[in-house]
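Novice: Please see the structure below; I have some questions.
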Amino acid sequence: KFGKGEIEGVVTVRACVSPDGRTTGDPSVSKSSGNTSLDEAAVKWARRARWSPGTEDGKPVESCNQFNVRFKLTD
């Protein structure tokens with residue numbers, strides 16, 4: 001959605017998370033918002049985020065997932 005120079009959209013990002021909750025490797029865009037700036041911002045955010053790691057038999061393990069990052073303007 002575009003209006004008055006402001007942008008909204010949803011980016012689907014794929015990222016892998018280490019057992020200590022840090023992003024490993026480079027997150028990537030699985031589905032673009034249609035706006036390069038939003039896509040880049042979503043990847044940058046995912047790279048810095050801290051996560052709850054996946055678990056296997058109750059122990060933290062590396063896991064990879066896809067998730068949506070929504071950019072929404074608010075009043």
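The values are calculated or read from the model by the stated rules, or taken from the named source; none is laboratory data. The structure presented is a predicted model; accordingly, all values stated were derived computationally and were not measured. To get the accessible areas, we keep the full protein, side chains included, count just its heavy atoms, and leave off ligands, DNA and RNA. Shrake-Rupley method; radii C 1.70, N 1.55, O 1.52, S 1.80 Å.
Novice: Quick one: would you say Asp20 is open to solvent by 80 Å² or more (accessible area, probe 1.4 Å) and outside any loop (DSSP other than H, G, I, E, B)? Reasoning before the result, please.
Specialist: Numbers: open to solvent by 80 Å² or more (accessible area, probe 1.4 Å): yes; outside any loop (DSSP other than H, G, I, E, B): no.
So Asp20 does not fit the description; no.
Novice: So, in the range 53-75, how many residues would count as being under 19 Å from Ser18 (Cα atoms), assigned to a strand (DSSP E or B) and open to solvent by less than 90 Å² (accessible area, probe 1.4 Å)?
Specialist: Qualifying residue count for the region: 7.
Novice: With Arg50, Arg14 as the choices, which residue is open to solvent by 30 Å² or more (accessible area, probe 1.4 Å) and under 10 Å from the mean Cα position of the chain (by Cα)?
Specialist: The unique qualifying residue is Arg14.
Novice: Go through the range 27-52 and give me each residue that's part of a strand (DSSP E or B), modelled with pLDDT of 95 or more and not polar (S, T, N, Q).
Specialist: Answer for the range 27-52, where residues must be part of a strand (DSSP E or B), modelled with pLDDT of 95 or more and not polar (S, T, N, Q): Pro27, Val29, Lys31.
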